[in-house]
Each structure stands twice: as structure tokens, then as C-alpha cells.
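Visitor: First, the structure itself, so that you have it in front of you.
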Amino acid sequence: MGLLNLFSSKPPAASLLRLPTGSFTVDREGAVLVGTLPSSFPEKLVHEIADAVLCAFREAEEAQMPLSEITIHYPSLRISAREMRGGAIIYLSPKSPSTTK
């Protein structure tokens, strides 16, 4: 019977993250200086977003097409970032189901 119980157990449910609303500022190395994101939002994701944004700004500058602002639209999240002397300020905002933009 113990063998049957092994296969009938449910796998642990994945926890869903609530989409954040807030902003954070990073320096040119990607260190977070200040932020208004909820503390429940994983720090790892904050750093991944910051790294991607800073990489985009650096690559644009290397291509001699410097950017001052980036906006990324996902189906349920909008990420906006503005370049600030090598660093960036990054805004995260969830899209409501009624948003058509």
C-alpha cells in the first residue's frame, strides 16, 4: 500500500507572484539604491530586470544610438526605464484587463 500512496500524492503547488507596482533606482553596476516595490517581490527578479535594462542601455550606447527611455510591454505587465548617468530608474506597473494599450 505504501507504494500506491507515493504515486497518489500531489506535487507541491507553485506559488504565484502578485504583479508589482512600484519603482526602483539602480546605479551603473546594477546595485539597487532605493525602491518602492513590495518586500514580497523577489530580489532576484529585481536584479534580473535591472541587468537587462542596463545591458540594453549600454548596447545602444556602444552602437552609437543612445537611448534615454525604454518601455517593455508584456501581456500583463509594463516595464518602463529611464537612463540616469549610467544607472536607471525602472517602473513596474501591472496592466488591468481593460487596458487596450
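Read the figures in this text as sums done on the coordinates, not as results from a lab. Note that the structure is predicted; figures quoted are calculated from it, not measured. Don't worry about glycine lacking a Cβ; one is built from the backbone with ideal geometry, like all the others, and counts go over all protein chains shown.
Visitor: Mind counting the residues in region 25-66 that are touching a Gly at 6+ places or on another chain (Cβ under 8 Å), exposed (fewer than 15 other Cβ atoms within 10 Å of the Cβ) and among the aliphatic types (A, V, I, L, M)?
Guide: 1
Visitor: Is region 25-35 home to any residue that is in a loop (DSSP other than H, G, I, E, B), acidic (Asp, Glu) and in contact with a strand residue (DSSP E or B) (Cβ under 8 Å, 6 or more places away or on another chain)?
Guide: yes
Visitor: Of the numbered conditions (1) surrounded by fewer than 17 Cβ atoms within 10 Å (Cβ to Cβ); (2) within 12 Å of residue 23 (Cβ to Cβ); (3) in contact with a Gly (Cβ under 6 Å, 6 or more places away or on another chain), residue 93 satisfies every one except a single condition; which is it?
Guide: With (1) surrounded by fewer than 17 Cβ atoms within 10 Å (Cβ to Cβ); (2) within 12 Å of residue 23 (Cβ to Cβ); (3) in contact with a Gly (Cβ under 6 Å, 6 or more places away or on another chain) applied to residue 93, the lone miss is (3).
Visitor: Can you report the number of residues in region 48-77 which are closer than 11 Å to residue 88 by Cα and among the hydroxyl-bearing types (Ser, Thr, Tyr)?
Guide: So the count comes out to 1.
Visitor: Here is a follow-up. Any residue that is small (Gly, Ala, Ser) and within 30 Å of residue 15 (Cβ to Cβ) - is there at least one of those in region 51-64?
Guide: Yes.
Visitor: Under 8 Å between Cβ atoms, which residue pairs at least 6 apart in sequence (or on different chains) link something in region 48-73 that is closer than 16 Å to residue 25 by Cβ with a partner that is among the polar types (S, T, N, Q) and surrounded by 15 or more Cβ atoms within 10 Å (Cβ to Cβ)?
Guide: Pairs that qualify, where the first residue is closer than 16 Å to residue 25 by Cβ and the partner is among the polar types (S, T, N, Q) and surrounded by 15 or more Cβ atoms within 10 Å (Cβ to Cβ), are 69/80; 70/80.
Visitor: Looking only at strands (runs of 3 or more DSSP E) that fall completely inside region 51-97, which ones have 3 or more residues that are charged (D, E, K, R)? Quick ask: steps written out before the conclusion?
Guide: Values: elements: 69-73, 77-84, 87-94.
Ranges flagged: 77-84.
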